[in-house]
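S.K.: Structure below; questions to follow.
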Amino acid sequence: MCGIVGYIGKEDCINPLVAGLTSLEYRGYDSAGIAILNGDSLKVLKDEGKLSRLKDLLKKNELCSNIGIGHTRWATHGAPSKENAHPHTCCQDKIAVVHNGIIENHSVLREDLIKKGHKFSSETDTEIIAHLIEDFYEGDLKAAVSKAIGFLKGSFALVVMSSDNPKLIVTAKQDSPMVLGIGKNANLVASDIPALLGQTREMIIMDNGEMAVLGQDSYQIIDFDGNPVNKAIAHISWDQEAAEKGGFEDFMLKEIHEQPVAVRETLRGLIDDDGTVNLKELKIDSSRIKDINRVVIIACGTSYHAGLVGNSAIESWARIPVELDIASEFRYRNLLVDDKTLVIAITQSGETADTLAGLRSAKDKGAIVVAVTNVVGSSVTREADGLIYTHAGPEIGVAATKTFTSQIAALYVIALFIAQVKGRLTNEEIKKRSVKLWDIPELIKQALTQEENIKKIAQKYAKKPDFLFLGRGLGVPIALEGALKLKEISYIHAEGCAAGEMKHGPIALIDDDCPVVVVATNSATIDKVKANTEEVKARNAQIIAVVNEGNHIFDGVADDLLFVPEISDIFSPIINIIPLQLFAYYVAKAKGCNVDQPRNLAKSVTVE
Ligand code: F6R
């Protein structure tokens, strides 16, 4: 996964390229580079590490050009290094390429090209594309790119420029995202919409199998066979501010605070004012949903944890068996799904390779596949039978926060929808629950008011090397997600576990240096949670408990309390995660970690 951008226009390309890359850095930050036309030749500037290194290079090299391409990399083939940084050029340095995706047959192509005399200077799969285009080049860049992509197996979003064709940029897309920006005096291309908002609001979302040729004031879209394609231009009304930090120290903190709005917007997209469930993008005949006898949820990471909550809601309200699977496992199973199975693929980015592969396998077996995603135009939206959008707005912080709570909100609505279609709840019962959903944004706001208290507690524990997170029932997904948030941004080892499972192994970890975070809000099993907490206390663990305001049941047991407002147990996960997101954030800040771009992680994982 990488971020790519290209510009051709009347102005200098450096600023739009750097602005685009800055917005795309969430997609990868192992290296960054640009190629521009410098007189009659190409000039490439690139370096290992974050974009700031490229910016330093640009300060030292005063460049100016009206055509250029740029890239920010998340390493797949070849270690993060200057040599492996994009753009990559061909032997004669006349063609430069930036690429997002994976070329599966790169080794075979590389061998063939080496036999023909091409010399490679990186370990990347991308470099073969530059050489392949060079091999086919006979004066027409579009024709050469077109021939080259005919030999590529895998996924790619490409942007190509050539010093011999200084008036155009060529792009091609297969299974990696790509958007065109149509400006007044410029045309652009990038991996996503926010990267282009500084230049234009008129965009074209490219589909698989499409190429585009961009000139300064013209563009042409064709399919891989060379046939013209007519595509509508979408006017994007997103505020640029929405993709920036808006006064918060980090995107993650901003996004934690955006959750009341994100959840409200998500509900607004799925429930009418009178409480009627209205899944506008589902586009699947209700009679097909009525006939299902099983639901399978697939997802990865945080989205999987949202799936655990969805599992309980669907089973409780729709009374239908639900299975939940990690997408990377599901895709390789001998699947037992058929046309009576509803598969729900949850992916905020819409680009997670394993989730997409699982979705395809399920579709091949005839299952009805619905995707829950936050990104309009993402790959999953083109492959699923039906869609449920979360309307969380762009999430830039790598650690998912507002997309998680928005996914849970969407899953509650899906559960109500299935219950409604299958007649498992009356209209009145549906409305009673959907009306309750509208209380959630306000309760999240209340949970956020505890920030200062949580910050102090987080600072107290920031030096601890290990944490155990415990919960029962709907506390389990939140224990897992709380542990994931902590480990991914603070690099502290943390495990989440069902409290009843603790005595079967994890309890051996407990000592006075392994604090235990307990999800201990009101539920049918609160007394059992308390008993488990006392067991770890007896082994000298310090206890941090998430409890309902006004509940004193953990007084004297817990060392520190994180308060949340009360809500019925089924809705509790969407509130209970808030203090744990803030806890992870402030532990990571106390340790001086970069919370928005944790090491080794990236926002969308488009490789296996
Ligand atoms: C953790 C996180 C990841 C993602 C996972 C799936 O904060 O963000 O665990 O949840 O990579 O991503 P999506 O939802 O884009 O499929």
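S.K.: Just name the residue that is farthest from the ligand (Cβ to nearest atom) out of those in the range 343-357 that are closer than 20 Å to Val309 by Cα and outside any loop (DSSP other than H, G, I, E, B).
M.R.: Val343
Per-residue answers, yes or no, for (1) out of contact with any helix residue (DSSP H, G or I) (no Cβ under 9 Å at 6 or more places or on another chain); (2) at pLDDT 95 or above; (3) within 19 Å of His88 (Cβ to Cβ); (4) in a strand (DSSP E or B):
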position: Ile4; (1), (2), (3), (4): no, yes, yes, yes
position: Asp12; (1), (2), (3), (4): yes, yes, no, no
position: Pro16; (1), (2), (3), (4): no, yes, no, no
position: Tyr26; (1), (2), (3), (4): no, no, no, no
position: Gly33; (1), (2), (3), (4): no, yes, yes, yes
position: Leu37; (1), (2), (3), (4): yes, yes, yes, yes
position: Leu45; (1), (2), (3), (4): no, yes, yes, yes
position: Lys59; (1), (2), (3), (4): yes, no, no, no
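S.K.: Let me ask something additional. Could you please let me know if Arg360 is at positive phi, more than 12 Å from the ligand (Cβ to nearest atom), surrounded by fewer than 22 Cβ atoms within 10 Å (Cβ to Cβ) and at pLDDT 95 or above?
M.R.: No, not satisfied.
S.K.: Go through Ala531, Ala520, Ala538 for me and flag whichever is in contact (Cβ under 8 Å) with a residue 40 or more places away in the chain and either within 18 Å of Leu443 (Cβ to Cβ) or surrounded by fewer than 24 Cβ atoms within 10 Å (Cβ to Cβ) (or both).
M.R.: Exactly one of Ala531, Ala520, Ala538 is in contact (Cβ under 8 Å) with a residue 40 or more places away in the chain and either within 18 Å of Leu443 (Cβ to Cβ) or surrounded by fewer than 24 Cβ atoms within 10 Å (Cβ to Cβ) (or both), namely Ala520.
S.K.: Quick one: which residue in Thr390, Thr403 is within 16 Å of the ligand (Cβ to nearest atom), polar (S, T, N, Q) and in contact with a helix residue (DSSP H, G or I) (Cβ under 6 Å, 6 or more places away or on another chain)? Full working, then the answer.
M.R.: Details: Thr403 fails: in contact with a helix residue (DSSP H, G or I) (Cβ under 6 Å, 6 or more places away or on another chain).
Checking each option against the conditions leaves just Thr390.
S.K.: Same structure again: Considering the range 257-298 alone, what residues qualify as being on the phi > 0 side of the Ramachandran plot and within 16 Å of the ligand (Cβ to nearest atom)?
M.R.: Listed by number, the list is empty, since nothing qualifies.
S.K.: Enumerate the strands (runs of 3 or more DSSP E) found wholly within the range 514-594, keeping only those where 2 or more residues are farther than 19 Å from Ile492 by Cα. Steps first, answer last, please.
M.R.: On the way: elements: 516-519, 543-548, 560-564.
It comes to 543-548, 560-564.
S.K.: Could you pull out the residue among Ile478, Ile489, Ile507, Ile454 that is surrounded by fewer than 22 Cβ atoms within 10 Å (Cβ to Cβ), not assigned by TED's automatic domain parsing to the domain that holds Gln259 and not in a loop (DSSP other than H, G, I, E, B)?
M.R.: Selected residue: Ile507, the only one of Ile478, Ile489, Ile507, Ile454 that is surrounded by fewer than 22 Cβ atoms within 10 Å (Cβ to Cβ), not assigned by TED's automatic domain parsing to the domain that holds Gln259 and not in a loop (DSSP other than H, G, I, E, B).
S.K.: Looking at the range 423-443, can you tell me whether even one residue there is β-branched (Val, Ile, Thr), in a helix (DSSP H, G or I), surrounded by fewer than 19 Cβ atoms within 10 Å (Cβ to Cβ) and more than 16 Å from the ligand (Cβ to nearest atom)? Don't jump to the end; show me each part of the working.
M.R.: Pass one, the range 423-443, residues β-branched (Val, Ile, Thr): 426, 430, 435, 440.
This time we only want the ones that are in a helix (DSSP H, G or I), so: 430, 435, 440.
Narrowing the set further to residues that are surrounded by fewer than 19 Cβ atoms within 10 Å (Cβ to Cβ) leaves 435.
Among the residues that remain, those that are also more than 16 Å from the ligand (Cβ to nearest atom) are: 435.
Yes, the range 423-443 has at least one match.
S.K.: Let me ask you something else. Pick from the range 301-342 the residues that are among the hydroxyl-bearing types (Ser, Thr, Tyr), outside any strand (DSSP E or B) and touching a strand residue (DSSP E or B) at 6+ places or on another chain (Cβ under 7 Å): which of them is farthest from the ligand (Cβ to nearest atom)?
M.R.: Residues of the range 301-342 that are among the hydroxyl-bearing types (Ser, Thr, Tyr), as a first pass: 302-304, 312, 316, 328, 332, 341.
Next cut, outside any strand (DSSP E or B) only: 302-304, 312, 316, 328, 332.
Next cut, touching a strand residue (DSSP E or B) at 6+ places or on another chain (Cβ under 7 Å) only: 303-304.
On the way: Ser303: 4, Tyr304: 7 Å.
In this case the residue turns out to be Tyr304.
S.K.: Go through (1) modelled with pLDDT under 95; (2) under 20 Å from Arg27 (Cα atoms) one by one and return the number of the condition His99 breaks.
M.R.: Here His99 clears every test but (1).
S.K.: Report those strands (runs of 3 or more DSSP E) wholly inside the range 130-241 carrying at least 3 residues which are β-branched (Val, Ile, Thr) and surrounded by 15 or more Cβ atoms within 10 Å (Cβ to Cβ).
M.R.: 165-174
S.K.: Looking at Gly377, Gly366, which one is assigned to a loop (DSSP other than H, G, I, E, B) and surrounded by fewer than 17 Cβ atoms within 10 Å (Cβ to Cβ)?
M.R.: Gly366
The values are calculated or read from the model by the stated rules, or taken from the named source; none is laboratory data. Every value quoted in this text rests on a predicted model; they were computed, and no experiment measured them. No Cβ is skipped: glycine too gets one built from the backbone with ideal geometry, and neighbour counts run over all protein chains shown.
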